[in-house]
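See structure below.
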Amino acid sequence: MKWLKNWILHFKTFKKKRCDMKTISRYILVNLLGWRIAGKFPEIKKSVIIFAPHTSYWDGFYGKLYLMQLGINYKFLSKKEFFKFPVKYFFIIFGSIPVDNTKEYIDYVAGLFNNSKELHIVLSPEGQLAKTTRWKKGYYYMANRANVSIIVGYIDYKKKEIGIKKVIYNPTDISIVRKEIAELYSAVTAKYPENFSLELKV
């Protein structure tokens, strides 16, 4: 049964490669693309991870590599409108789940947290690539409803650095959280700085 032995060998090799995706993604991000990883990811099982600035589709690509090398269980939140054939398959492979702008998705995400032993929900609070001063509030309400922390992730094109700025534990006041986030991102340079605003309105 030579074919069976070959199949088993191929399967074992595939499993080994999958288990080593942390190493592969880190090698691509750091060694091939020249990015520096900063900040230690906290030892918590559940969180809402916000990433900013988000002014280019490249942000998602680098962010995906960063998350893969962490080896955590994560899901991206993406607009429901993107999940149309055939593009929806790209978003599914990318690790995205569709959401709309109704309040029901807050309950839906809170339910995902409640039914998971480990889960990190990743999103861009800006909600679009164009400049905006009204960031989406969903990240705060999801964290507050599910009683999880907010991890402030960032991508800095000037320093070519990606990582974690801070963990906001027990977020209970959106005004305070917004102010703290603005301060954390004040020295971060977007790929297109003219499209990133920290004059946040609640």
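Bear in mind these aren't lab numbers, they're just calculated from the coordinates by the rules spelled out. Quick caveat: nothing in here was measured; it's all calculated off a predicted structure. Note that we place each Cβ from the backbone using ideal geometry, even for glycine, and neighbour counts take in every protein chain shown.
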**Asked** What pairs in Lys45/Lys137; Lys64/Lys117; Lys64/Lys131; Lys131/Lys191; Lys75/Lys159 have C-alpha atoms more than 18 Å from each other?
**Response** Lys45/Lys137; Lys64/Lys117; Lys64/Lys131; Lys75/Lys159
**Asked** Lys136: which aspartates and glutamates have alpha carbons under 14 Å from its alpha carbon, excluding same-chain residues fewer than 8 sequence positions away?
**Response** Asp100, Glu126, Glu199
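List the trypsin sites (Lys or Arg not before Pro) in the stretch 118-183 that DSSP assigns to loop (not H, G, I, E or B) and whose Cβ has at most 16 other Cβ atoms within 10 Å. Which are they?
Values: sites: Lys131, Arg134, Lys136, Lys137, Arg145, Lys158, Lys159, Lys160, Lys165, Lys166, Arg178, Lys179; in loops: Lys131, Arg134, Lys136, Lys137, Lys158, Lys159, Lys160.
Answer by residue number: Lys131, Arg134, Lys137, Lys158, Lys159, Lys160.
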**Request:** Just flag the GluC sites (Glu not before Pro) in the stretch 155-186 sitting in loop per DSSP whose Cβ has no more than 14 other Cβ atoms within 10 Å.
**Result:** none
